[in-house]
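Below: one structure, written as structure tokens.
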Amino acid sequence: MASVPKLSSVITWVLYFIPVYIFVLEPILRPILSGPFKPTDATNLEYEIWESEIPLEDWEETEPPLHLQDDSRISPEDGVPTNCPGEAPGYKLHLLSRTPLVIYIENFVSDEEADHLVDISLNKYSPSIVYDGVTERVDPSKRLSDRALLDRDDTVRCLEERARSFQGWRPHLYIERMWAQRYNTSGHYTYHYDWAGSLARGGDRISTFMVYLGADCVGGGTNFPRLRMPAGNQWCDFLECEEEGKPVQEGITFKPIKGNAIFWENLRPDGTGYPETWHAAFPVTEGTKVGLNIWSWYQPPRRKSQKNT
Ligand SMILES: *[C@@H]1O[C@H](CO)[C@@H](O)[C@H](O)[C@H]1NC(C)=O
């Protein structure tokens, strides 16, 4: 007659099984249970478009926000050889955040490049505008600065190429025509995102380089209230750190330092925007700050061929 095992021996076997499961069975089963390992190749990362939400016929009728043929808005790779004037600066990278990717770039442009870009921006400035999704208008309460569209001379093209190679020459990435932004005393830009959530309509700003070309100013820091101050005081060269008696601002604030840049990714791999990239240009309290925006658009090819298949 089969005997019922005693409760104590059942418990003993269960106790033996736990380490066997943790150290032997689980590692063996893990790849089977979690599906095949998918390597991520960052340089060929294809953004998933929310095709399920957008009927393909709508895709074709909607104009993409950025026209690939429009030279006034993007800087196409047109085969003009890159002829970089002067010494390449040899920049130095500091990783601030992995998700979203935020990299501080020391010496992204040389002093000569920065001065040249400021020179070619003079006489081209007009008041910066804000865009609410419908109209463009000047609104000094939100944004008080002047902006200048830069001609694509050798230095600008050299910088376009630097921005492209920094991002691994990713496919479907287009550098937007570069704008210098000049902030006089009291100039500022309130909190905003650089992305528009428009990838589903054809393209969006996948990344931003915020380069400081001129920083003869007090104030004018670039604040990210949703990013956290890294531990240690190594970052105090680039970020405003707590001073006695002075409350530290929310999040982190980059000091304007000529030649240095902040690079960040605006979009998650699924194409949605990172809320952590919410940022502002704090008011300049003395002097003038000149910034340079290098925005990269991600605009996958439109899928006309799929419509009739
Ligand atoms: C900034 O200063 C320049 C030079 O004085 C001036 O032409 C420009 O209108 C000023 N811009 C703003 C937004 O105050």
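What number of residues within region 215-228 are within 15 Å of the chain's Cα centre (by Cα) and either among the basic types (Lys, Arg) or within 16 Å of the ligand (Cβ to nearest atom) (or both)?
Just the residues of region 215-228 that are within 15 Å of the chain's Cα centre (by Cα), to begin with: 222-224, 226-227.
Adding the requirement that they be either among the basic types (Lys, Arg) or within 16 Å of the ligand (Cβ to nearest atom) (or both) leaves 226.
Residues in region 215-228 being within 15 Å of the chain's Cα centre (by Cα) and either among the basic types (Lys, Arg) or within 16 Å of the ligand (Cβ to nearest atom) (or both): 1 in total.
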message: Among (1) touching a residue at least 24 places away in the same chain (Cβ under 8 Å); (2) within 16 Å of the ligand (Cβ to nearest atom); (3) of a type in the set (Gly, Ala, Ser), there is one condition Ser97 misses while meeting the rest; what is its number?
response: (2)
task: Six or more apart or on different chains, Cβ under 6 Å: which pairs go from a residue in region 257-268 that's under 16 Å from Gly90 (Cα atoms) to one that's part of a loop (DSSP other than H, G, I, E, B) and not polar (S, T, N, Q)? Could you list them?
output: Gly259/Val109; Ala261/Phe108
Index of the failed condition, Thr253 passing every other in (1) in contact (Cβ under 8 Å) with a residue 40 or more places away in the chain; (2) part of a strand (DSSP E or B): (1)
task: Could you please find all residues in region 96-119 being in a loop (DSSP other than H, G, I, E, B) and surrounded by 22 or more Cβ atoms within 10 Å (Cβ to Cβ)?
output: Phe108, Val109
task: Would you confirm whether any residue within region 75-92 is within 16 Å of the ligand (Cβ to nearest atom) and free of Cβ contacts under 8 Å to residues at least 40 places away in the same chain?
output: no
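Give, as residue ranges, the strands (runs of 3 or more DSSP E) completely inside region 127-193 that count at least 2 residues that are touching a His at 6+ places or on another chain (Cβ under 6 Å), within 16 Å of the ligand (Cβ to nearest atom) and on the phi < 0 side of the Ramachandran plot.
none
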task: Consider Leu122 carefully, then state whether it is within 16 Å of the ligand (Cβ to nearest atom), closer than 26 Å to Pro283 by Cα, open to solvent by 40 Å² or more (accessible area, probe 1.4 Å) and of a type in the set (A, V, I, L, M, F, W, C).
output: yes
message: Within region 127-166, take every residue that is open to solvent by 50 Å² or more (accessible area, probe 1.4 Å) and among the hydroxyl-bearing types (Ser, Thr, Tyr) and give me the one that is farthest from Val290 (Cα to Cα).
response: Thr135
- prompt: In region 194-214, how many are open to solvent by 10 Å² or more (accessible area, probe 1.4 Å) and within 16 Å of the ligand (Cβ to nearest atom)?
  reply: 1
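The values are calculated or read from the model by the stated rules, or taken from the named source; none is laboratory data. Everything quoted here is computed from the prediction, not taken from an experiment. Note: ideal-geometry Cβ built from the backbone for every residue, glycine included; neighbour counts use all protein chains shown. Heads up: the accessible areas ignore ligands, DNA and RNA and are worked out on the full protein's heavy atoms, side chains in. Shrake-Rupley method; radii C 1.70, N 1.55, O 1.52, S 1.80 Å.
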